[in-house]
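The structure appears right after this line, and notes come after that.
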Amino acid sequence: MLTFFNQGKAEKPLSSEAQSCLQLVRGYWEALRHAGRLPSRGDIDPRGLSGVLERVFLIERVAHGQARFRLSGMHLHDLLGMDARGIPLGSFFEPVARTRLTDELEQVFSHHNILTLHLEAERSLAQPALAACMQILPLAHDNGTQQLALGCLVSEGKIGRSPRRFAIAQLHHETITLPGLTLVSSASKTAPDRRMTAPRPALRLVSSRD
């Protein structure tokens, strides 16, 4: 059962540090909008995210509701226990959560949704309590074909033995329209997923290809 975010109580708030990371990435994305349009991959300069690069990632859509990592910060490496480049985004999630992730991720790429996932990691003797929040922001298509999204993943708690995989405790999406990116609807849902029961201070972003 979910113990942090979804136990009949109010959602556990993120720390100010975690909120600051998410806000910085969202603010950077907002600042890159040209005439209200989505930012493109070419607009992103790692120097603009220098304080949170270890928690930033870039994913590429490879099939319906499926994406893999193109870029990944070192915090994601620590959580997964390996280089995340080229790895499916679903690798961070428990099997029961992946179907839900597929549906929501497709909305990011097809309908320009902004997706926020409140997560809780599976626990064991060597894997202590660990909560996280993942934010995924759509990017403009590259020549109408390549579909990318910018993301940020923050976690709170000790990582313990990796890999750490997560259940979706709650999710929130914002649906926007182009070119004005006007918010037309929002929804917050409690996910029905059932869950089984310190990062290195690197500030670099690695890429699998240009």
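For the stretch 36-97, the Cβ-based charge dipole about the Cα centre amounts to some 260 debye (Lys, Arg positive; Asp, Glu negative; other atoms uncharged). Amide H contacts of GLY65: GLU106, each under 5 Å away and 5 or more positions distant or on a separate chain (H built 1.01 Å from N in the peptide plane; Pro and chain starts excluded).
When nucleic acids and ligands are ignored and a 1.4 Å probe is applied, ARG26 ends up with an accessible area of around 60 Å². Sum up the charges of everything whose Cβ sits under 13 Å from the Cβ of ILE87, counting Lys and Arg as +1 and Asp and Glu as -1, but leave ILE87 out. After counting each charged neighbour, the total is +2. Remark on ALA169: its backbone amide H falls under 5 Å from those of HIS118, LEU119, GLU120, a criterion applied only to residues 5 or more positions apart or on other chains, H modelled at 1.01 Å from N.
Taking every alpha-carbon pair in the stretch 11-136 and binning the separations at 10 Å intervals from zero gives 11, 41, 40, 8, 1, 0 percent. Ranking SER72, PRO39, PHE93 by how far each Cα lies toward the positive end of the dipole of the stretch 37-106 (charges on Cβ) leaves PRO39 at the top.
The values are calculated or read from the model by the stated rules, or taken from the named source; none is laboratory data. On a predicted model such as this, the values are computed, not experimentally measured, just so you know. Here the Cβ is made from the backbone with ideal geometry for all residues, glycine too, and neighbour counts use every protein chain on show. We work out accessible area using only protein heavy atoms, side chains counted, and drop any ligands, DNA or RNA first. Shrake-Rupley method; radii C 1.70, N 1.55, O 1.52, S 1.80 Å.
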